[in-house]
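Every number here is computed from the coordinates shown, using simple stated rules; none is lab data. Keep in mind the model is a prediction, meaning the values are calculated, not measured. Every residue, glycine as well, gets a Cβ built from its backbone with ideal geometry; the counts of neighbours run over all protein chains shown.
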Amino acid sequence: MPTYAVTGATGPFGRHAVEELLRRGTAPGDVVALVRDPARAADLAARGVVVREADYDRPETLEPALDGVDALLFVSGSAVGQRERQHGAVVEAARAAGVARVAYTSVLRADSTDLPVAPEHVATERLLAASGIPATLLRNGWYTENYAGLLGQAEATGSVSSATRGARVSPATRADLAAAAVSALLDEGTTGRTFELGGPAFTMDELAAAFSQVLGREVVHHDLTPAELGAALTGAGLDEGTAGFLVAVDVAAAGGALEVSTADLEELLGRPATPLADALRAARA
Ligand SMILES: NC(=O)c1ccc[n+]([C@@H]2O[C@H](COP(=O)([O-])OP(=O)(O)OC[C@H]3O[C@@H](n4cnc5c(N)ncnc54)[C@H](OP(=O)(O)O)[C@@H]3O)[C@@H](O)[C@H]2O)c1
C-alpha cells in the first residue's frame, strides 16, 4: 500500500484530512501525520498513525519526515509573509525524499486573483512546477467557517456588515475541502489537474437571511464602502493590519474573487457540498 502524508496535521484542516484517510480505510500505519509538535498528535499515534515532526521553519526536519512517503497532502502554512520560504523548504525536501506526488492546498484562481493571500500560493505552485514533482493543485475557496464565525455577532447585534457590493461567494466547509483533498490524494488520476473548489454560492444578504433562520431572530446585512468597513472593524477592536486584510478580501470578493462556478468540489467529493444552513447549524451546535 502507498504511504500518504499530511502536513499541518494538528491544524483543523490537516486533522480533517487524516481522519478522512482513516475513514476511507487507509491503514493507520500507511498514514504519516506531519506536525510541528508531536505531543499534540499523541491521540493519532495511539491509533497507529505514524507521527513525525515536520517544521517548515526547520528544514532539517523535513526530508527525514518525508522518507518513504509516496503521496503528500501539503497543507499550506499560516505564517503569512513567511510562506514562500517555508513552502520552498517543503518542496525541496519532497524532491530530495523522492515523494512521487504532491497535492497542495492553494487558493482560488491563484494566478489571476486580487485576493491578498494569493502571491505566496502562486509562488508555491511555481516552486512545485519547477521541482518536477507531479502535483495536483487544490485551489480552495474561503472556508464557510469564516462566515459561521459571524454568528455570535449577528445574534448579539442583529446585523452583519461587508463591502462585497452584492457579489456572491462560494465558501465550503473545511471538512468538505479536506475530504476533497483526500480524494485527490488517493486518486493518482488527478495528478496534473488544477481544481477550483467552492460550495453553494450566496450573497451577504442571503447569508443574513440564513443567519435569521438559524438564530430565530432577524439579521440584516449592511453593505458598506471599504472605508466604512475598515472603520467599523477597527472600531470593534481589530488592529489596522487585520482590518486592512479583511477589507482587501471583501474588495476582491466584490469583484467576484470568492465565487466559484465549477463543479470541482462535487466531483472530488462524489456528492453535493454541505449546504450553508447545515454548516451554520453545525457551527452553532
Ligand atoms: N480558505 C480559507 O478560508 C483559509 C482560512 C485560513 C487559512 N487557510 C489556509 O489553509 C491552511 C490550513 O487551514 P487550517 O484551518 O488548518 O489553518 P490553521 O488553523 O491556521 O492551521 C495552520 C496549520 O499550519 C501549521 N503550521 C504553521 N506554521 C508551521 C510551521 N512552521 N511548520 C509546520 N506547520 C506549520 C499549523 O501547525 P500547528 O498545528 O503546530 O499550529 C497548523 O497545522 C492554513 O494554514 C492557510 O494556509 C485558508
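The table that follows gives values for the structure above.
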| read-out | value |
| --- | --- |
| For A181: the one exception among (1) away from the ligand (no atom under 13 Å from the Cβ); (2) touching a residue at least 60 places away in the same chain (Cβ under 8 Å) | (1) |
| Sole residue being assigned to a helix (DSSP H, G or I) and not basic (K, R), chosen from L280, L238, L258 | L280 |
| Test: A89 is among the aliphatic types (A, V, I, L, M), assigned to a loop (DSSP other than H, G, I, E, B) and in contact with a helix residue (DSSP H, G or I) (Cβ under 7 Å, 6 or more places away or on another chain) | no |
| Hey, L21 within 11 Å of the ligand (Cβ to nearest atom) and either under 16 Å from the mean Cα position of the chain (by Cα) or crowded, with 20+ Cβ neighbours inside 10 Å (or both) or not | no |
| Of all residues in segment 31-44 being surrounded by fewer than 19 Cβ atoms within 10 Å (Cβ to Cβ) and touching a residue at least 12 places away in the same chain (Cβ under 8 Å), the one that is farthest from the ligand (Cβ to nearest atom) | P38 |
| Number of the condition not met by T164 [criteria: (1) among the hydroxyl-bearing types (S, T, Y); (2) within 25 Å of P12 (Cα to Cα); (3) buried (at least 21 other Cβ atoms within 10 Å of the Cβ)] | (2) |
| Which listed residue is of a type outside the set (F, W, Y) and assigned to a strand (DSSP E or B), from T113, T124, T105 | T105 |
| Residue that is farthest from the ligand (Cβ to nearest atom), among those in segment 1-18 that are aliphatic (A, V, I, L, M) and buried (at least 23 other Cβ atoms within 10 Å of the Cβ) | A5 |
| Some residue of segment 50-67 being of a type outside the set (V, I, T), closer than 23 Å to T173 by Cβ, more than 10 Å from the ligand (Cβ to nearest atom) and touching a strand residue (DSSP E or B) at 6+ places or on another chain (Cβ under 8 Å) | no |
| Complete set of residues in segment 118-158 that are buried (at least 16 other Cβ atoms within 10 Å of the Cβ), within 16 Å of V260 (Cβ to Cβ), of a type outside the set (F, W, Y) and within 13 Å of the ligand (Cβ to nearest atom) | A118, H121, L138, R139, N140, G141, T144 |
| Residue that is basic (K, R) and under 24 Å from the mean Cα position of the chain (by Cα), where the choices are R217, R193 | R193 |
| Single residue of L73, L21 found to be among the aliphatic types (A, V, I, L, M) and not in a helix (DSSP H, G or I) | L73 |
